[in-house]
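The next block holds one structure in the form of structure tokens; read it before the comments.
The values are calculated or read from the model by the stated rules, or taken from the named source; none is laboratory data. The structure presented is a predicted model; accordingly, all values stated were derived computationally and were not measured. Glycine also receives a Cβ, built like all others from the backbone with ideal geometry; neighbour counts cover every protein chain displayed. The area values use the complete protein model at the heavy-atom level, side chains included, leaving out ligands, DNA and RNA. Shrake-Rupley method; radii C 1.70, N 1.55, O 1.52, S 1.80 Å.
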Amino acid sequence: MQVKAITVSEYKQRRDVLMKNLEQDTIAVLPAATHHKRTHSSEYPYRQESSFYYLTGFNEPNAVLVLLAATNEVILFNQAPNPKKSQWEGPVLGQEDASKVLGVDKSYNIAEIDEKLPALAAGKKVYSTQASLPWLEGQDVKALAGIIGEQRLIKSPAEIELMRKAAQISVAAHQRGMQQVKNCEYEYQLAAEYEYVFKHKGGNSLAYESIVGGGVNSCVLHYQANTEKLKSGEMVLVDAAAEYQNYAADITRTYPVSGKFSSQQKDVYEVVLRAQENAIAQVKPGNTWAMIQKQVVNDLVEGLLDIGIINGSKDEIIDKQSYQEFYMHSSGHWLGLDVHDVGAYTQDEKPRPFQNGMVLTIEPGVYFSELGLGVRIEDDIVVTDKGCDILSKGLAKSVKEVESEMAKSA
Ligand code: GLY
Ligand code: MN
Ligand code: MN
């Protein structure tokens with residue numbers, strides 16, 4: 001089932017909020033993403049620039065959004081209808097419908113931007129999502145990223161529903177993957193099981209290139225080749241998720257190719273699982289990333305010492321950060337229109353407290369290349385007023401749940 005798109009009035013409200021956060025003598029200029037060539041006369045799939053999309057919900061290229069704080073005016077430069085071009089590429093929104101459909105105050109043909117934008121920007125402070133603007137050469141351009149990042153960091157109820165949908169499509173894909181791995185000889189075949197579900201269930205894209213690493217490849221954090229044979233007796237790490245109406249999910253599960261954990265695999269897996277569950281329990285208003293990271297490091301080191309896979313003193317391993325040999329990434333990140341979403345991680349140079357409406361991943365992992373064993377477990381979490389809600393809930397995670405999911409026939 002489709003989830004309702006963000007309403008025009010919510011997009012308008014977002015532009016109003018941004019406008020209020022700008023000084024009076026300011027103009028904000030947000031260009032749409034450009035198409036990128038892939039091969040001769042063939043392009044990569046189009047993905048709108050996230051902040052432009054956040055403020056418009058408009059998915060066309062060759063467009064520029066302009067906010068004039070002094071007059072509280074929203075202007076869109078966009079493509080003019082062209083019957084010959086639409087024969088090949090389909091219709092475009094055009095100027096007449098832009099106000100009605102997007103709620104902008106004015107819409108001009110993008111062909112007029114060279115002439116009109118310099119006049120609009122004359123004597124103003126220019127803020128943009130781009131470092132420089134071809135239409136305003138020589139004019140100082142300040143970064144809009146900080147201001148809009150703060151706004152995008154707190155998700156609205158409508159955004160959270162879209163993100164829940166992205167996560168649930170991804171959960172269904174992970175379920176299919178766990179069930180189908182018995183029929184997959186190669187990593188790419190397992191990736192295909194996931195990617196089929198992303199598209200079949202209405203995801204507009206992968207949220208990022210699927211990472212499907214068997215054995216030693218599970219230790220390569222951003223492994224994307226997905227070309228090797230899956231071997232019984234090894235674990236496979238799958239970090240794969242869909243994007244829905246441009247909102248990302250980001251989910252990782254690690255499971256035994258054979259469907260049954262060996263005793264060592266189970267021990268290591270349960271250390272990571274405990275760290276992840278304890279970290280999720282800490283996601284609530286007022287707590288911080290620093291607290292989560294400390295908890296994760298403590299649980300991983302303590303757990304790995306307990307099972308005897310590492311040796312030494314817990315305090316020393318933590319103080320000297322030698323755990324970075326097997327745990328070398330952070331415990332998570334903001335999630336939204338970008339998979340590594342915008343928004344500052346600190347406030348006034350101090351760890352930033354979590355707030356209702358923030359969405360983040362929790363993803364501890366450990367990587368032992370010499371054992372050909374990497375384990376990461378990643379879920380998507382929204383901070384609520386009392387604690388948190390797991391957007392990716394329903395996906396097998398304990399050893400027992402994973403083994404029983406894998407035993408189902410697809
Ligand atoms: N899939 C990228 C990440 O987990 O950050
Ligand atoms: Mn992640
Ligand atoms: Mn991930």
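Table for the structure above
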{"item": "One residue from LEU144, LEU117, LEU136 being of a type in the set (A, V, I, L, M, F, W, C), within 26 Å of GLU10 (Cβ to Cβ) and open to solvent by less than 60 Å² (accessible area, probe 1.4 Å)", "result": "LEU144"}
{"item": "Hits in region 327-347 (condition: free of Cβ contacts under 8 Å to residues at least 12 places away in the same chain and of a type in the set (S, T, N, Q))", "result": "THR346, GLN347"}
{"item": "ILE169 being in contact (Cβ under 8 Å) with a residue 40 or more places away in the chain, buried (at least 16 other Cβ atoms within 10 Å of the Cβ), within 16 Å of ligand 1 (Cβ to nearest atom) and part of a helix (DSSP H, G or I)", "result": "yes"}
{"item": "Total residues in region 106-135, condition of a type outside the set (Ser, Thr, Tyr), more than 22 Å from GLU60 (Cβ to Cβ) and in contact (Cβ under 8 Å) with a residue 12 or more places away in the chain", "result": "7"}
{"item": "Tally, over region 206-238, of residues that are touching a Phe, Trp or Tyr at 6+ places or on another chain (Cβ under 8 Å), within 16 Å of ligand 3 (Cβ to nearest atom), at negative phi and of a type outside the set (A, V, I, L, M, F, W, C)", "result": "4"}
{"item": "Residues (farther than 21 Å from GLY149 by Cβ, part of a strand (DSSP E or B) and within 15 Å of ligand 2 (Cβ to nearest atom)) located in region 381-410", "result": "ILE390"}
{"item": "Subset of region 27-48 [in contact (Cβ under 8 Å) with a residue 60 or more places away in the chain and buried (at least 19 other Cβ atoms within 10 Å of the Cβ)]", "result": "ILE27, ALA28, VAL29, LEU30, PRO31, GLN48"}
{"item": "Tally, over region 235-289, of residues that are within 16 Å of the chain's Cα centre (by Cα), within 13 Å of ligand 2 (Cβ to nearest atom) and under 18 Å from TRP334 (Cβ atoms)", "result": "7"}
{"item": "Residue in region 370-389 that is within 30 Å of GLN175 (Cβ to Cβ), within 16 Å of ligand 1 (Cβ to nearest atom) and touching a Cys at 6+ places or on another chain (Cβ under 8 Å) present", "result": "yes"}
{"item": "Selection count, region 330-380, where residues are at pLDDT 95 or above and in a strand (DSSP E or B)", "result": "16"}
{"item": "Which listed residue, of LEU304, LEU300, LEU273, is touching a Lys or Arg at 6+ places or on another chain (Cβ under 7 Å) and either among the basic types (Lys, Arg) or modelled with pLDDT of 95 or more (or both)", "result": "LEU273"}
{"item": "Candidate set from region 96-114 (those that are over 21 Å from GLN13 (Cα atoms) and assigned to a helix (DSSP H, G or I)); member that is least open to solvent (accessible area, probe 1.4 Å)", "result": "ILE113"}
{"item": "Number of the condition not met by LYS201 [criteria: (1) of a type in the set (Lys, Arg); (2) open to solvent by less than 20 Å² (accessible area, probe 1.4 Å); (3) within 25 Å of TYR44 (Cα to Cα)]", "result": "(2)"}
{"item": "Criterion: among the hydrophobic types (A, V, I, L, M, F, W, C), in a loop (DSSP other than H, G, I, E, B) and within 25 Å of ASN109 (Cβ to Cβ) - qualifying residue of LEU67, LEU93, LEU18, LEU55", "result": "LEU93"}
{"item": "Selection count where residues are within 16 Å of the chain's Cα centre (by Cα), hydrophobic (A, V, I, L, M, F, W, C) and either more than 16 Å from ligand 2 (Cβ to nearest atom) or at positive phi (or both), scope region 313-363", "result": "1"}
